[in-house]
Amino acid sequence: MAIHLSTPLEKLVGIGTKTIQDFKHMGLFCVRDLLWHIPFRYDDYSKTKPINQLRHGDQVTIIGTIKSISSRKSKNQRISLTEAFLENETGTLKLVWFNQVYLERRLVPGSKWSFAGTIDRRFKETILLNPIHEHIGLSSQKTGRIFPIYSLSGNLKMFRIREAIEQCRSAIFEWQDWLPEVIQKKEELCAFAQAVFFLHFPKNQQEIYEGRKRLAFDELLLRQLMFAQVRKQQQKKNSVYIPVVKEQLQAFTLQLPFVLTSSQRKAAWEIIQDLAKDEPMNRLLQGDVGSGKTVVAALAASSVLAQGLQVVYLAPTELLAKQQHKVFCDFFTEYTPALFTRSSHKVGGEDVSKHDLLTKIENNEIKCVIGTHALLQESVKFSRLALVIIDEQHRFGVEQRHALLERHNQEMVPHLLSMTATPIPRSLALSCYGDLEISCIKERPKGRKSILTKCLLPNQEESLYKCILEEIKKDHRAYIVCPLIEGEEDETKSVIATMKFLKNGPLKQVRMGILHGRLRSEEKEQVMNDFLKGNIQVLVSTTVIEVGVDVPEATVMAIFGAEHFGLAQLHQLRGRIGRSDKPSFCFLCPKQWSPRIKDRLEMLVVSQDGFFLAEKDLAFRGAGDIFGTVQSGFTQFCFADPFNQVQIEKARFWADWIFEQDSSLTSFPLIKQELLQAFDAIHLE
Ligand code: ADP
Ligand code: MG
């Protein structure tokens, strides 16, 4: 029977009902599905080596004559070991099998065989462990070639899946290629079907490389096509045009108590120019903690407000919303900014009812609103919303971010400015935020002292307590950060236990307070206020203080259980101190100690560059850990490397090229189809 891509797997020879069930569990129903089940790695037994040159870990095929073979029980009698010695002109090699006594009868001394497996030298001897064997002379099926390794499920055996795929060989070439030939030629890529064939039936490593290279490019291209599509749709939408009024911008910057850094000016200018287009802005502002993103956002807000239009600023926590509300009240006295959180509704400094606030927003009486998630949940209606600013955008889900943009009742789409203190390397930004424009603030405001960072060995915290006591004498404050709120075993891993421990010991005389996510928001606010005023000198806290909180007198930070945090996060935490011209001190206090932990934490000692630390974090922990689940799902590729900037830029170039050729994609039906499927599968930004 002829086998086609659409043939159901039931039709393959030798595939019983059990195997079919296992296939279905893996989502494999027809030949096309099975062929798209690409091996995740290979055992390469295509090479042979002289026995005297074998190294640990070598994957090899060795041909020789059996000299002797015998079996015995292991010491604990549970497993039987079969040992054989294989000889050829390059030496003698020991072969070992577990629980395969029957081999004694088959591999008789004097007979010649081919063995494939991996060399093990851990136990001083060189052995080939559990090798596959094969008669020589037969065309090799089991040894002397590269074997694809497939992921399995249920009782499915590797040989079953290989057998099944073997039967589908010829169907592979029915697969149509979605990639235009021009691109294939220019990028020196093999055809799609060829790539799939290479990956199932590679003759050598080069073919595996070629196959993967092609599929990796496809992934990157598809992603960039999605971004291009989103950007195109975005451009079709209308947004309010905000003219650039130089005098107004100058007036705003002149009232500031400091001079903007050139990085801040550049970023602000990019934003202001985006606002002066009639398509909606979609820009991400990146900058280290303390680099001064708020004022850049406020400058953009000022030009929107000056046009009589509305601005929303979304903060990830109640605490931060309140703090930023105060900042905005200082910037914009004439507009009396409102605060909208779950528990607090204010216009300027005055409490108002929620209902009043909602009405005023709807009537455009209030133009500037600072708030939290509560703003998204409530039925807030804006009449003339023109700019949405989202601080620490990774704290908001994609849907949440877009709720505000899509829900308001106006034909005009507001401009969107997202902000983040997690520096995202350029390559990753391209592969996961390709639909956004990016601005970066790279310098720190002048006059900032660098933060002296130290890594303390477990139970070596005396120097920390000494430092805290000295700083408190100068009316400075200290943060102590713990990974948990409550915890039993360890005294300094949780906020509650740490507080108890310090109160009874090293910081007896000190006024201390605690802060964590389980406190009610009024309690949190009270604690923060006390800390700001100095009623609390040492604040023991979870990472709730991570974002945005500004207490210039804070000069010490200790992070207990520092090994539990990523470098990017530690760097963000550290940004809570060093916010004035006073010298600051950061102590990393891991509970566990290993060379790896040491190497990782030392990065913070040597560097205060968020971008550098983000790159290092990637190297140590991988993208998913740093950028949270929302983004990591988004960066997951099977074949492509999300950090390969050269390839990503090529893909981006071709994606634009495709849309330039034919923006409706009518002449690229296969691309259109792939794109539709991809959009179904992923929620895009
Ligand atoms: P982040 O980027 O972490 O949000 P903020 O916007 O909160 O940083 O700024 C941190 C502090 O730096 C604020 O107190 C702010 O007033 C101050 N600041 C911002 N820009 C400058 C500048 N150019 N010179 C001096 N201080 C500045
Ligand atoms: Mg901030």
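Assuming R0 = 56 Å, can you tell me the calculated FRET efficiency for the pair Phe159 and Glu279, based on Cβ-Cβ distance, to the nearest 0.05? After rounding, the FRET efficiency stands at 0.45. For the peptides 361-372, 194-205, 13-24, the ranking by packing is 361-372, 194-205, 13-24, with the highest mean count of neighbouring Cβ atoms within 10 Å listed first. Structural descriptor for the stretch 1-133: relative contact order 21 percent, calculated from alpha carbon pairs under 8 angstrom and at least 6 residues apart. For Cys368, nonlocal amide neighbours, meaning residues 5 or more places apart or on other chains whose placed amide H falls under 5 Å from its own, are Val311, Ala338.
Pairs of alpha carbons in the stretch 246-441 separated by more than 31 Å make up 11% of all such pairs. Under the combined filter of DSSP loop state and at most 10 neighbouring Cβ atoms within 10 Å, the stretch 103-154 retains these chymotrypsin sites (Phe, Trp or Tyr not before Pro): Phe123.
When only alpha carbons of the stretch 142-285 are considered, Rg and Dmax amount to 26.6, 79 Å. Taking Lys and Arg as +1 and Asp and Glu as -1, the other residues whose beta-carbon sits under 13 Å from that of Leu260 total +4. Taking label positions 7 Å along the Cα-Cβ direction at both Phe98 and Glu10, the computed distance is 4.0 nm, reported to one decimal. The fewest-to-most ranking of Asp177, Asp617 by surrounding Cβ atoms within 10 Å reads Asp177, Asp617.
Computed over the chain, relative contact order equals 12 percent, with contacts defined as Cα pairs under 8 Å that lie 6+ residues apart. Answer with one residue from Ser594, Ile472, Gly487: the one whose Cα lies farthest towards the positive end of the charge dipole of the stretch 451-607, charges on Cβ with Lys, Arg +1 and Asp, Glu -1. Result: Ile472.
Counted by Cβ distance under 11 Å from Arg448, the other residues give a net charge of +2, where Lys and Arg count +1 and Asp and Glu count -1. Computed from Cα atoms, the angle from the helix 205-236 axis to the main principal axis of the chain rounds to 30 degrees.
Percent of Cα-Cα pairs more than 33 Å apart in the chain, please. The proportion of pairs with Cα distances above 33 Å equals 62 percent. Relative contact order, whole percent, for the stretch 451-607 stands at 33, derived from Cα pairs under 8 Å and 6 or more residues apart.
Rounded to the nearest 10 degrees, the angle from helix 595-606 to the longest Cα principal axis of the chain is 30 degrees. Candidates Gln255, Ile272, Ala298 compared by Cα position along the dipole of the stretch 246-441: farthest toward the positive end lies Gln255, with charges placed on Cβ. Using the rule -39500 (n - 2.57) for each DSSP H run of four or more residues, divided by the residues of the chain, the 222 nm mean residue ellipticity is -11500 deg cm²/dmol.
A simple charge model with +1 on the Cβ of Lys and Arg, -1 on the Cβ of Asp and Glu and nothing else charged puts the dipole of the chain at about 1960 debye relative to its Cα centre. Backbone amide hydrogens, once placed in the peptide plane, bring Phe147 within less than 5 Å of Asp43, Asp44, Tyr45, excluding anything fewer than 5 places away on its chain.
Read-outs throughout are calculated quantities, based only on the coordinates presented, and are distinct from any laboratory measurement. The structure presented is a predicted model; accordingly, all values stated were derived computationally and were not measured. Positions of Cβ are generated from backbone atoms using ideal geometry, with glycine treated the same way; all protein chains shown enter the neighbour counts.
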